[in-house]
Number of protein chains: 2
Amino acid sequence: MSDTFVIVGGDAAGMSAASKAKREDPDLDVIVFEKGEWVSYGACGLPYYVKGEIEDIEDLVAVPAEEFREERDVDLRTHHEVTGIDPDGKSVTVEGPDGSFEQPYDELLIATGASAIVPPFDGIDLDGVYTMHSLPEGERLKGILGGEETHPDAEISHPPESVAIVGGGYIGLEMAEAFSGRGLDVSVFEMLPHVLQPFGTDVAEVVEDHLREQEVDLHLDTAVERFVGDDHVTGIEAGGETFDADMVLVGVGVDANSDLAADAEVDVGETGAIATDEYGRTKYEDVFAAGDCAEATNVVTGDPTHVPLALTANRAGRAIGQTVGGGDLTEVGDIAGTAVVKVFDLEVARTGVIHHDEAEEAGFDPVSKTIKAPSRAHYYPGGSPITIRLTADRESGKLLGASMVGEEGVANRIDTVATALHAGMTVEDVEYLDLSYAPPFGPTWDPVLTAAKVLRGQLD
Amino acid sequence: MSDTFVIVGGDAAGMSAASKAKREDPDLDVIVFEKGEWVSYGACGLPYYVKGEIEDIEDLVAVPAEEFREERDVDLRTHHEVTGIDPDGKSVTVEGPDGSFEQPYDELLIATGASAIVPPFDGIDLDGVYTMHSLPEGERLKGILGGEETHPDAEISHPPESVAIVGGGYIGLEMAEAFSGRGLDVSVFEMLPHVLQPFGTDVAEVVEDHLREQEVDLHLDTAVERFVGDDHVTGIEAGGETFDADMVLVGVGVDANSDLAADAEVDVGETGAIATDEYGRTKYEDVFAAGDCAEATNVVTGDPTHVPLALTANRAGRAIGQTVGGGDLTEVGDIAGTAVVKVFDLEVARTGVIHHDEAEEAGFDPVSKTIKAPSRAHYYPGGSPITIRLTADRESGKLLGASMVGEEGVANRIDTVATALHAGMTVEDVEYLDLSYAPPFGPTWDPVLTAAKVLRGQLD
């Protein structure tokens with residue numbers, strides 16, 4: 001009898017694992033339980049769907065459910081929620097449309113993802129307060145912007161004309177662009193002194209100036225106190241003031257969905273995500289975890305970290321599928337926490353360790369330097385400045401991380417630094433990279449090289 | 001008495017060395033002899049100047065001569081040609097406006113650059129036949145396109161309406177864009193089966209399709225036989241046919257200006273460029289060579305190579321300036337031969353060793369794979385395909401090189417591979433890089449990762 005590989009959760013990590021395992025071993029029984037309707041979708045595309053740049057929500061689906069079922073021979077069961085794991089008995093409890101049942105497994109992958117954090121503000125349950133983490137949420141929001149839902153509160157203009165966004169992270173700023181593109185008045189409330197905390201102050205300040213140019217009403221260092229309204233939200237109290245808003249979007253981060261694992265005494269790390277080894281295994285060697293619910297190892301510090309991003313999920317799922325289907329233990333890979341986000345006309349990117357407290361905690365003596373360099377040769381028309389901040393360890397010169405922002409040439413340029421981090425390069429190594437040059441694409445010394453040159457001057 | 005550092009040639013390598021040496025040791029006497037008028041200029045910008053995107057030729061100058069003289073205290077002497085080197089007597093012979101003299105040196109840098117190859121075709125000396133390698137040549141050509149010079153041959157329309165470009169390399173294709181932008185009918189003649197030889201066939205074919213879409217009349221595998229005309233060129237004979245042309249641009253490559261060095265028994269390598277060690281020294285330890293006249297070491301093969309590009313020149317000049325001014329031997333750095341060129345709407349890039357004969361000669365067993373991947377998430381509007389060809393050594397999996405082409409996301413993306421080459425990564429290492437992702441900038445698996453994944457499948 002062939003083995004049964006059970007997967008809990010049908011998004012990036014789960015479906016990557018399912019596909020890869022079946023490709024490696026067509027005889028393997030692969031069962032995926034997904035509690036919702038959608039599988040294998042790009043939640044990263046939701047802001048552009050809401051903005052209207054993507055017409056059909058089905059376009060966000062990478063591989064349709066039927067293709068998994070019919071072409072890839074995966075036993076994919078949507079509307080099935082796994083409610084318990086018995087690691088000793090090697091089975092899971094499943095609630096499906098036809099009731100509850102036990103499903104035995106030989107190998108199990110927990111790929112339960114993450115959920116938008118819902119902060120305990122007064123008024124969080126009012127109508128018109130949304131989070132944005134799933135396709136149904138995106139669909140509903142787009143419908144509301146198009147006037148599909150009638151507001152129960154007659155005082156609210158309809159469709160909404162203003163939105164208050166709580167949180168200046170990725171989702172908050174991508175949604176600011178989306179709402180602004182739909183013609184809404186947008187305000188953003190961030191409790192920290194700067195937006196985009198993982199990108200550092202120097203980069204954040206460039207983004208903040210740009211947001212203000214785009215007429216986003218930006219409230220930094222401003223804690224939200226409560227949402228105002230009777231049934232439907234009508235405003236937000238923050239920093240001691242009240243601001244009117246026809247709707248509210250809460251984007252204050254995500255939490256790993258690790259309760260199911262924790263209930264089965266699978267270890268959960270300090271990050272709140274499931275602890276795994278280099279092969280994505282939990283403390284039970286036949287129980288894996290991957291994707292937004294799991295930790296990954298930071299390539300710079302060697303420490304477990306929780307950075308729920310799409311590539312990490314896809315890669316780990318695929319590696320686990322290879323392990324389960326192919327039989328050889330396959331590493332899920334370390335991460336550098338490389339990320340890029342579009343904020344209106346800006347590309348904003350980061351990789352590695354850039355905050356000094358984080359670097360110090362990992363035993364480094366961090367030094368940083370921020371430079372500005374042009375995105376094209378000084379004489380070539382249309383260039384714009386790129387701001388780059390590089391961080392390194394003073395003693396060893398080891399490169400620790402970088403963040404960048406600019407109107408062009410940032411999204412791919414961060415990958416030069418990410419690659420250098422994976423290679424364990426020093427700042428001097430980076431200075432000696434033979435990077436490309438042509439007048440339309442950069443100065444002779446690539447901005448990364450210039451940043452390395454300047455930072456090395458600080459290390460001597 | 002302070003040392004005297006004599007530099008022959010006032011472009012990227014020479015002026016970088018001069019500036020750096022003076023910064024390191026303000027007491028050093030730094031004398032630069034430049035036979036022409038211009039110093040420290042971006043020849044790479046000439047096509048855009050001719051095209052009309054850059055108004056003033058002085059914009060191409062990175063640092064004006066007066067700044068070197070007045071602010072950087074460099075004894076810069078234009079219109080001074082060094083005609084001989086006496087390495088034993090440690091002096092050079094100089095022809096200046098006031099006659100000939102001997103200049104003693106303590107350290108000497110040969111930075112004589114390269115010259116456009118002038119092939120021995122019949123008719124090469126006709127009016128209307130140009131090369132494009134210096135600012136005066138660029139100025140003259142722009143003048144002609146603007147109708148400034150009268151053609152001596154009355155049969156020629158004026159200003160020129162058609163141009164035949166000999167050579168489908170960087171300069172040829174950049175100038176094709178420039179001439180096309182000026183409204184000329186453009187034909188390109190390439191004796192090899194494909195344009196852009198250093199980029200490989202798969203990438204070249206994409207470029208060729210694009211050139212044809214841009215109405216460039218492309219003649220591949222077509223050797224030019226002679227230029228036709230009495231005083232002024234009126235056409236070109238190639239592949240047994242005659243083609244009319246009001247002007248001809250010859251861009252068949254450059255040769256290192258190494259005669260001065262060779263006459264002084266400084267070693268010249270098989271490439272025709274000056275042989276140097278890792279510090280840019282020739283066989284005489286007080287005679288350095290850098291820039292387009294010198295060899296550099298390929299980071300993949302460890303072999304000397306001649307890839308005359310701007311960053312290599314700047315970097316080597318700066319390192320030699322550091323050595324001479326600062327006293328500590330500083331490495332000039334290896335090169336990966338990383339290059340990018342804009343061809344109309346395409347970005348075309350390469351790095352490392354991509355041709356199999358070259359890889360085999362260096363002792364590798366090369367395997368290549370070409371993939372196409374989208375430049376944006378599949379659902380994000382406006383994306384276009386990127387073609388990537390990766391090459392690796394079969395046995396070790398060591399990455400050897402890459403070439404890429406696409407409308408966006410190529411110029412900086414090649415640097416991910418260049419960095420991996422410097423780190424000596426395998427294809428598997430590349431597959432595990434944590435590269436950036438957001439829907440506007442690429443698919444979840446960056447095209448470089450996908451290419452590595454596919455290539456690794458070939459290695460197993």
Discussion item. What's the ranking of B:442-448, B:62-68 by average number of surrounding C-beta atoms within 10 Å, highest first?
Written reply: B:442-448, B:62-68
Discussion item. What is the sum of charges, Lys and Arg at +1 and Asp and Glu at -1, for the other residues whose Cβ falls under 15 Å from the Cβ of A:HIS356?
Written reply: -3
Practice prompt. Could you tell me whether chain A comes out rounded, prolate or oblate from its Cα gyration tensor? Rule is a ≥ b ≥ c as square roots of the eigenvalues, rounded for a/c under 1.5, then prolate if a/b exceeds b/c, otherwise oblate.
Written response: oblate
Worksheet item: So which lysines can B:LYS90 reach, going by Cα to Cα under 21 Å and dropping same-chain residues fewer than 8 places off?
Response: B:LYS22, B:LYS35, B:LYS283
Worksheet item: Can you give the mean number of other chain Cβ atoms that lie within 10 Å of the Cβ atoms in peptide A:288-295?
Response: 0
Worksheet item: Two-decimal Rg/Rh of the stretch A:163-250 from alpha-carbon positions, Kirkwood Rh?
Response: 0.96
Discussion item. Under 5 Å between amide hydrogens, which residues at least 5 positions from B:VAL299 or on another chain qualify, with H placed 1.01 Å from N in the peptide plane?
Written reply: B:ILE335, B:ALA336
Worksheet item: All other residues with a Cβ under 14 Å from the Cβ of B:GLY240 taken together, and with Lys, Arg as +1 and Asp, Glu as -1, what is their net charge?
Response: -3
Fill in: Cleavage-rule hits, GluC sites (Glu not before Pro), the stretch A:319-423, DSSP coil, Cβ neighbours within 10 Å at most 11
A:GLU395
Fill in: Set of lysines with alpha-carbon distance to A:LYS369 below 18 Å, sequence-local pairs under 8 removed
A:LYS398, A:LYS453
Fill in: Inter-centroid distance (Cα atoms) of the stretch B:433-460 relative to the stretch B:389-403, Å
15
Discussion item. Given a 1.4 angstrom probe, what's the average accessible area per residue across the stretch A:238-390, in square angstrom?
Written reply: 38
Worksheet item: What percent antiparallel are the DSSP beta bridges of the stretch B:1-154, to the nearest 5?
Response: 50
Worksheet item: Which values of log₁₀ I(q)/I(0), to two decimal places, follow from the Debye formula for the stretch A:363-460 at q = 0.11, 0.18, 0.21 Å⁻¹ with a uniform point scatterer at every Cα?
Response: -0.29, -0.75, -0.99
Response to the item:
Simple SL model, points at 7 angstrom along Cα→Cβ for B:GLU428 and A:GLU241; separation in nm is 5.8
Worksheet item: At each listed q (0.11 Å⁻¹), what is the log10 of I(q)/I(0) that the Debye formula gives for the stretch B:50-134 modelled as equal alpha-carbon point scatterers?
Response: -0.55
Worksheet item: Using alpha carbon coordinates only, what is the Rg to Rh ratio of the stretch B:409-460, with Rh defined as the Kirkwood radius?
Response: 0.96
Practice prompt. For the stretch A:206-283, just run the numbers: alpha carbon Rg, then divide by 2.2 N^0.38 Å, N being how many residues it has.
Written response: 1.70
Fill in: Distant alpha-carbon pairs in the stretch B:1-94 (separation over 20 angstrom), percent
41
Discussion item. Explain nothing, just compute: Karplus ³J(HN,Hα) = 6.51 cos²θ - 1.76 cosθ + 1.60, θ = phi - 60°, for every residue of the stretch B:306-315 in order, whole Hz, x for Gly and Pro.
Written reply: 10, 10, x, 10, 5, 5, 4, 5, 4, 5
Discussion item. Ignoring ligands, DNA and RNA, please state the percent of accessible area on the protein assembly as shown from carbon and sulfur, probe 1.4 Å.
Written reply: 41
Fill in: Between the stretch B:320-382 and the stretch B:254-281, the alpha-carbon center distance in angstrom
24
Item to complete: Compute the semi-axes of the equivalent ellipsoid of the stretch B:274-419, taking the square root of 5 times each eigenvalue of the Cα gyration tensor, and list them largest first in whole Å.
Response: 33, 19, 11
Worksheet item: Quick one: buried accessible area between A and B, total over both chains, 1.4 angstrom probe, nearest 100 Å²?
Response: 5200
Fill in: Share antiparallel - DSSP beta bridges, the stretch A:87-236, percent rounded to 5
45
Worksheet item: DSSP beta bridges in chain A, what fraction antiparallel, as a percent rounded to 5?
Response: 60
Worksheet item: Between B:ALA294 and residues 5 or more places away or on another chain, which pairs have amide H atoms under 5 Å apart, with H built 1.01 Å from N, and which residues are they?
Response: B:ILE274
Worksheet entry | Positions from the stretch A:430-460 whose accessible area shrinks by 40 Å² or more when the full protein complex is built, not the chain alone, probe 1.4 Å | A:TYR432, A:LEU433, A:ASP434, A:LEU435, A:SER436, A:TYR437, A:PHE441, A:THR444, A:TRP445
Discussion item. Give me the mean projected area, in nm² to one decimal, of the convex hull enclosing the Cα positions of the stretch A:275-343.
Written reply: 4.8
Worksheet item: What span do the alpha-carbon atoms of the stretch A:174-322 cover on each of the three principal axes, reported in whole Å from largest to smallest?
Response: 53, 38, 27
Discussion item. To make sure I understand the rule: partners must be lysines, Cα under 18 Å from the Cα of A:LYS51, and not fewer than 8 residues away in the same chain. Which ones qualify?
Written reply: A:LYS142, A:LYS342
Worksheet item: What whole-number value in cubic angstrom gives the convex hull volume per residue for the C-alpha atoms of the protein assembly as shown?
Response: 186
Worksheet item: Under the definition of partner shielding as Cβ atoms of other protein chains within 10 Å of a residue Cβ, what is the mean value for peptide A:328-340?
Response: 3
Worksheet item: In whole Hz, what ³J(HN,Hα) sequence does the stretch A:234-251 give by Karplus (6.51, -1.76, 1.60; θ = phi - 60°), x for Gly and Pro?
Response: 10, x, 9, 9, 8, x, x, 10, 10, 10, 6, 7, 7, 8, 10, 10, 9, x
Response to the item:
Here the stretch A:366-383 yields Karplus 3J(HN,Hα) values (6.51, -1.76, 1.60; θ = phi - 60°; whole Hz; Gly and Pro given as x) of x, 10, 10, 8, 10, 10, 10, 9, x, 7, 9, 4, 4, 9, 8, x, x, x
Practice prompt. Hey, can you grab everything whose amide H is under 5 Å from the amide H of A:THR131? Only 5+ residues off in sequence or another chain; H modelled, so Pro and N-termini drop out.
Written response: A:VAL250
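The values are calculated or read from the model by the stated rules, or taken from the named source; none is laboratory data. What you see is a predicted model; the values in this text were computed from it and never measured. Please note: Cβ atoms are built from the backbone with ideal geometry, for glycine as well, and neighbour counts cover all protein chains shown. Just the protein is used for accessible areas: all its heavy atoms, side chains included, with ligands, DNA and RNA removed. Shrake-Rupley method; radii C 1.70, N 1.55, O 1.52, S 1.80 Å.
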